[in-house]
Every structure is written in structure tokens, then in C-alpha cells.
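Heads up: the structure comes next, in C-alpha cells.
FYI, it's all coordinate maths here, none of it is from the lab. Quick caveat: nothing in here was measured; it's all calculated off a predicted structure. Here Cβ is always computed from backbone atoms with ideal geometry, including for glycine, and neighbour counts include all displayed protein chains.
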Amino acid sequence: MRWNRRYRKYIVYTKAAGLLALTAMLSGCQAEQAVPVEGPGISTASEALVVQVPETIAPLGLEGQVLPNLTDVDLGDVEPVPEYLRIGERHEIVKKLQQRLMDLGFMDNDEPTDYYGEMTRMAVKHFQRQNELPMDGIVGNTTWDAIMSPDAKYYAVSKGTQGDDIQRIQQRLYELGYLASADLVTGNFGDSTETAVLKLQEVNGLEQDGKVGQKTINLIYSDEIKANFLSYGEKSDVVLACQERLKELGYLTTTPDGAYGDDTAVAVKQFQARNDLIVDGYLGPSTRVALNSSEARANGLMLGERGDSVTRVQELLKKYGYLSSSNVTGYYGEATERAVKNFQNRNGLSSDGLVGLQTMAKLTGDNVRRPAPGSSNTGGGSNNRGGSGTRGGSSQPAQKPAPSVNAPAGSGVSALISVASSKVGAPYVWGSKGPNSFDCSGFVYWCLNQVGVNQSYLTSAGWRNVGRYTKITNFNDIQAGDIVVVRGHVGIAAGGGTIIDASSSNGRVVHRSLSQWWANNFICAWRIF
């Protein structure tokens, strides 16, 4: 006998010799005896076939089976698989379906569930499209057999393909500078998309076939991808125009010259971080569109921030005599805030201690007024040099970044888990960063920023090498509040062996167990607090 492909019945086969062994545990029946069976070529001493016989079925005789025409036996105590798997269905067999779709690249990696939701339906439709089956998103016998076939092919698309997944690929090609304009993001894989894919494959050392298969799709969403143009070391009028806009918005602290150097790279990353873009340092089309938008967010530095942009502001304050060299640390502490206020007061600006658009423009301009003669603007106070305002000692900041004005009550781990819990049930939407829908990366990004952690948007691949937080490499060391990174997925540890994440297989944000699946796929975790 064998379990048939639809997992609905045991199929019982007869033998030419006339011997049949039938075993089936029907609902409510108890096996009560073992019957030795003899026949040609069977020894009762060494080869007896023991058959469990339910009360309702007569024992097998020596001349053959009592019920010779019985070939199918329904299992009454097993939940039958629906004839068709479609939206809304729940059954254990859906887990096997999702896992297979993930293995073949049609579905984002996630812990498989028994729920057949929208993401599963779309993955099935993409599989059906690739295999020339009716694209109804419903799994019947034909689609099931094709998905489970050992010869099933990995996800691949090429010229002539249409779909929402093509639009996602085109959007990423546009962000990376391989597609020239936003109007080419259509969902139709045409000549321009094929040319863009060929160029991407050339730049990144892949086989140039113009198709988006396993290697290309993995590269497109990795942090190792190389953009097409406008990167470090280039010089052009386009770079110059971008530099002028970055300076206008307060991100660039040097004079625009058309050369993409260190200052420009720092300014671009800072702009991307503050404008909800992928922080890769490339001036791709998507960044340029955001840069030239009327809704582009201007730069602004405040107490508690750190980074290269802070260092450059401090160097300018030192240059004009407002800050001592010992306080050029890259951390925006009290000494820096005091120097900024003095600079603003002396140069006719609102003295709020924040480096915004007007302050940055004045700092990088030609008519800067120095401190008044005899003033002590570069004098003491702590900035970033150890605890309790002392001079010398550690160069670590004495205070963490200030939370945003919208941060919830409480702080640290409890606030993060509270914010994450408030979004349980919100729908999963690929590429969404909230506040009403999320993908896994967008969910982590949104939650962290709600509790005052100024973290830029990162894909799950980008979370592998953040470097900014404490790295946890042992799965058993995960604590509440940690960002848990697994292969192709990311979530927020909620304590008690649970996690909150935007789950594609569930189709929503869920609070669930850190099961063995998470352990098996674990890469690392990051301790934020």
C-alpha cells in the first residue's frame, strides 16, 4: 500500500500469488488479534505476516482475502485534504506546499504555516505562469503534481513575462541605476528590462543571459549588489547637480565640484537614511528622484546623534573657533550643542542648538562670523568623553540618542515590544514600511524608529552585517528586544521564546514561537538595548 499524492486514502494493491495483507485503522475500531498467514513461499516460522484485524473486518482466510473488491480505505480519524487548496484554507498540507514554493524561489523564506493566504496564492500563480498552467492561484491535482515534481524548475523570468513580481524586479533595477526612468517600471518584461538585466549581470560577474533566475534574483536583493552608475570615484555634471541639491538640503558640507568623493558618499547615505531609502551610498535613479522631490527631508542634527556628518559639523565649528579639537568626536554631545547655539547666536540664527538647513548653509557659506573677541566658546563641558561630564577617559558617549517625540511610554526593550505588539494582525505587503502594512524588514525598521532608534531601512540581507549593535551568534542567547536574523527573514524577539514579525506565510504580523525553524535558519541577532 502507499499514501496517494493527494494524501486522501491508502491505496491497497493485490499480489499475483493471491496473498493480500490489508491493514487499516478505522475510526473507533480497536485491533484485537494477530493472524498468521500462510501461503506459497511463506513460512509461518520465519516469515509470518502479522495483520492487525479490526473488530468490524473478518479475519483473512488461507484462500485469500475476505473482501476481494475493497481497494480504497478512507481514514476517518484524519482530516481530509480539501479537493482544492485556495485562499482561506487551513490544513497541515499547506506547510508542505509553502516550503516547496520557498525552496523553488517562488515565495519569500519564512516559517511555513497551515494557512493558504494571499502570498501563497501569488506564489502559486507565478509557478503556474512559469509552467504554462491556468493562472488561477488554486492548487488542484495538476498544479500539486507539478510543484512537487523532482524536476520542478527554480523561479525564473525573462522577456515577455508579466506580473507584479516583474514590477518588483524593475523597481529594484531602477533603484540601482540599470533602468533609466520610473516610467519603465511597468510589470512587463520587455526589451529595456532585458537590457538592464544583461548590464547588471555584466557589472556583477554573472552569466549574461538576460533572465532573472536564482543567482540574479538573489543578487538583486543582497547587500553585495553593485549599482550601475553614480558611485564613488565618478565625475560628471549629474554628480555636480546632485551635490548642489545635497548642499541645499544641508547634507553636503564641502563645495560641489562634480567629483563623487568621501564627502559626497557620506552625504548621500545620510540623505538616504533620513528619507526612508535603502542606504547603499549609490546615487541611483530612485535616490535622485527623492533628492529632487519637493518632499525631500532636509538634514538636521541634534543632541545624541553620532556619525560622520556630526564629525564634519564639529570640524567646521572648530575651524571657526566655536569648538575645541578635543570635542571633535563624531558624537553630538552637550559641548557641541553649546557651540552650535553660540554659532547661531553670533550669526543671526535662531539659537536652538539644532543643525538644520539654515545653520548648515551658514556653516558652509562664505560669510561666517567668528566668536566675539574675548569669548570662551571653545571652553569646557562634556561632549563625548566619558561619564559624568569628565574630561579624558573613554571616548564613548555618555548618553544614548534621545528618543523621538512620538516614542511610547517606557524605554528600551519594553517600548520596542509594546510598539511591535500593537501591530499584530496588520497585513503583510511586500516592500511596505508601515504604519498600516509591512514586510519583515519594513516592520523592524518602523518599530525601531518609533522608539527613538534612528535605524535606516535594511533588507534581511542587510541585517546580516550591521556592525552598529552587539552581535549575538548563539541562538540560545537571544533575549527580548533582539533583532533576530534568519535566512531571508528578520523579526523582533519578544521574550519567553517568542518573536513578533511580519510573516509572508501568515499574510500578517504575528506573535509566535521561536520554533526549531528559526533555530535551523538562524544567522545572528543584534542587541539594540
Legend entry - Among residues of segment 160-185, those that are crowded, with 17+ Cβ neighbours inside 10 Å, touching a strand residue (DSSP E or B) at 6+ places or on another chain (Cβ under 9 Å) and in a loop (DSSP other than H, G, I, E, B), counted: 2
Inset, instruction - Select from segment 431-446 the residues that are buried (at least 18 other Cβ atoms within 10 Å of the Cβ), assigned to a loop (DSSP other than H, G, I, E, B) and in contact (Cβ under 8 Å) with a residue 60 or more places away in the chain and list them in ascending order. - result: D439
Legend entry - Spans of strands (runs of 3 or more DSSP E) in segment 447-529 with at least 1 residues among the small types (G, A, S) and without any contact (Cβ under 8 Å) to a residue 60 or more places away in the chain: 489-495, 508-513, 522-527
Legend entry - The lone exception for T459 - which of (1) within 15 Å of the chain's Cα centre (by Cα); (2) farther than 25 Å from Q99 by Cα it fails: (2)
Inset, instruction - Tell me, please, whether a residue that is buried (at least 19 other Cβ atoms within 10 Å of the Cβ) and polar (S, T, N, Q) can be found in segment 212-221. - result: yes
Legend entry - Members of segment 485-494 found to be surrounded by fewer than 24 Cβ atoms within 10 Å (Cβ to Cβ) and in contact with a Gly (Cβ under 9 Å, 6 or more places away or on another chain), listed by number: A494
Inset, instruction - List the number of the failed condition for L176; all other conditions in (1) aliphatic (A, V, I, L, M); (2) under 17 Å from G431 (Cβ atoms); (3) in contact with a His (Cβ under 9 Å, 6 or more places away or on another chain) hold. - result: (3)
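Name the single residue that is farthest from the chain's Cα centre (by Cα) among those in segment 124-159 being in contact (Cβ under 8 Å) with a residue 40 or more places away in the chain and assigned to a helix (DSSP H, G or I).
Narrowing segment 124-159 to residues in contact (Cβ under 8 Å) with a residue 40 or more places away in the chain: 137-141, 144-145, 147-148, 152-159.
So of that shortlist, the ones also assigned to a helix (DSSP H, G or I) come out as 141, 144-145, 147-148.
On the way: N141: 33, W144: 28, D145: 30, I147: 25, M148: 27 Å.
If we take residues in segment 124-159 being in contact (Cβ under 8 Å) with a residue 40 or more places away in the chain and assigned to a helix (DSSP H, G or I), then N141 is farthest from the chain's Cα centre (by Cα).
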Inset, instruction - Could you please find all residues in segment 430-470 being aliphatic (A, V, I, L, M) and under 13 Å from I492 (Cβ atoms)? - result: V444, L448, V451, V453
Inset, instruction - From K235, K226, grab the single residue that is out of contact with any Cys (no Cβ under 7 Å at 6 or more places or on another chain), among the basic types (K, R) and either crowded, with 21+ Cβ neighbours inside 10 Å or under 17 Å from L176 (Cα atoms) (or both). - result: K226
Legend entry - Candidate set from segment 308-337 (those that are small (G, A, S) and farther than 17 Å from T364 by Cβ); member that is farthest from the chain's Cα centre (by Cα): S324
Legend entry - Complete set of residues in segment 319-344 that are without any contact (Cβ under 8 Å) to a residue 40 or more places away in the chain, in a helix (DSSP H, G or I) and surrounded by 15 or more Cβ atoms within 10 Å (Cβ to Cβ): E337, A339, V340, K341, N342, F343, Q344
